[in-house]
Amino acid sequence: MTAPNDPPRQTAADPADPDPLDVLRERIRSTQDAVERLADEAARAAGPGEAGERARAEGPPRSGYAVPGDSGGRDTMERQALVALLDLVRTMVPRELTEQLADLLREVLLLVRAAIDWYLERLEPRRRPPVEVQDIPIT
């Protein structure tokens, strides 16, 4: 129960303001679609060639499917989609937050560097002054 002076609760979002997550999902979907189209166009432009069809007919090579020069198509599309997603997320992060994260990372790296320097100082053999030796005459 609400008091008479309480402000009215909004039960539904204003339809004019789209949900930011929906906007992000749509951007990711459109980026992934564009990446898939570009990958398909590149695969069609490269053409399969006789060697590629012969290799598919023979089955996998002895070392598995890791054939030098064979991009795999699907892996390339996934990598491109991941890079596009990371770039999208990077552009959505405010500049101030990016600068704060960079400063934090710099401080962490300086801390690691100081810890390594401290540890190396402990590892180096300490230089002791030379011990004085006396000649003892033997009679």
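Where a number appears in this text, it was derived from the coordinates with a stated rule and is not lab data. Here the structure is a predicted model, which is why all the values come from computation and not from measurement. With ideal geometry, Cβ positions are generated from the backbone for all residues, glycine too; neighbour counts draw on all protein chains shown.
Annotations
- Two-site FRET efficiency, Tyr119 against Leu88, from Cβ-Cβ distance with R₀ of 41 Å, rounded to 0.05: 0.50
- Label point distance in nm, Leu104-Asp135, each placed 7 Å from Cα along Cα→Cβ: 7.0
- Using the Cβ-Cβ distance between Arg44 and Leu24 with R0 set to 22 Å, the FRET efficiency from 1/(1 + (r/R0)^6) comes to roughly 0.10.
- Residue-by-residue Karplus 3J(HN,Hα) for region 107-123, coefficients 6.51, -1.76, 1.60, Hz, glycine and proline x: 5, 5, 5, 5, 5, 4, 4, 5, 5, 5, 4, 4, 5, 5, 4, 6, 7
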